[in-house]
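Since the structure comes first, as structure tokens, the remarks are kept for the end.
The values are calculated or read from the model by the stated rules, or taken from the named source; none is laboratory data. Note that the coordinates shown come from a computational prediction; the quantities given were computed from them, not determined experimentally. Virtual Cβ from ideal backbone geometry, glycine too; neighbours counted across all protein chains shown. Each accessible area value is taken on the protein alone, full model and side chains, heavy atoms only, with ligands, DNA and RNA left out. Shrake-Rupley method; radii C 1.70, N 1.55, O 1.52, S 1.80 Å.
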Amino acid sequence: NLDCLYILHTVGTKWRGGSQGEEQILRKCYKNSLLTALRLKCRSVAVPLMATGSFRFPKEMAIQIAKEEIANFLKAHDLLVLLVVYDKECTRITQSLFKDIESYIENRYIEKEIDLKDITATMQTPLTLEMLLEKKAESFSETRQHE
């Protein structure tokens with residue numbers, strides 16, 4: 001009963017100390033998932049932070065890899081990509097990304113006179129499952145505007 005057209009499943013890689021190609025494998029997981037979404041003509045995709053659960057991939061490294069692979073993909077393709085993190089530690093680590101997002105918005109959309117403080121404050125406001133379910137008929141951007 002998910003409000004989506006596809007569910008793409010990608011198996012991450014188990015962390016074995018970093019000497020067995022884990023970083024390259026995780027990068028390929030992101031690339032292949034994003035390319036699959038593009039091939040299926042998706043307009044948006046929500047990608048979880050891969051391999052940081054039971055596979056124990058170091059979260060900071062995994063977030064950096066996700067950030068880089070998503071950014072590289074978006075240089076060549078037009079797709080809304082949302083990185084989904086599940087715990088407080090990952091949320092804390094990703095807070096550093098907001099500076100990058102603010103800079104991107106400032107450099108790209110400054111002519112539209114967007115109030116960056118409102119945007120970043122909204123982005124840092126957590127949504128509860130109940131709030132998401134109430135707004136499930138709305139798009140992601142519409143949902144974020146109501147907070």
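So that you can scan it fast, the table gives a plain yes or no per residue for (1) at pLDDT below 95; (2) farther than 21 Å from GLN95 by Cβ; (3) open to solvent by less than 70 Å² (accessible area, probe 1.4 Å):
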residue	(1), (2), (3)
ASN1	yes, yes, no
ILE7	yes, yes, no
THR10	yes, yes, yes
THR13	yes, yes, yes
GLY21	no, yes, yes
ILE25	no, yes, no
LEU49	yes, no, yes
ARG56	yes, yes, no
ALA71	yes, no, yes
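Taken together, the residues in the range 36-45 that are among the hydrophobic types (A, V, I, L, M, F, W, C) and exposed (fewer than 14 other Cβ atoms within 10 Å of the Cβ) amount to 1.
A single member of ASP118, ASP87 is on the phi < 0 side of the Ramachandran plot and at pLDDT 55 or above, and it is ASP87. Every condition in (1) open to solvent by 80 Å² or more (accessible area, probe 1.4 Å); (2) modelled with pLDDT under 80 holds for ASP78 except the one numbered (2).
Which condition number does SER33 fail, the rest of (1) among the polar types (S, T, N, Q); (2) over 18 Å from CYS4 (Cβ atoms); (3) in contact with a Leu (Cβ under 9 Å, 6 or more places away or on another chain) being met? If we test SER33 against (1) among the polar types (S, T, N, Q); (2) over 18 Å from CYS4 (Cβ atoms); (3) in contact with a Leu (Cβ under 9 Å, 6 or more places away or on another chain), just (2) comes out false.
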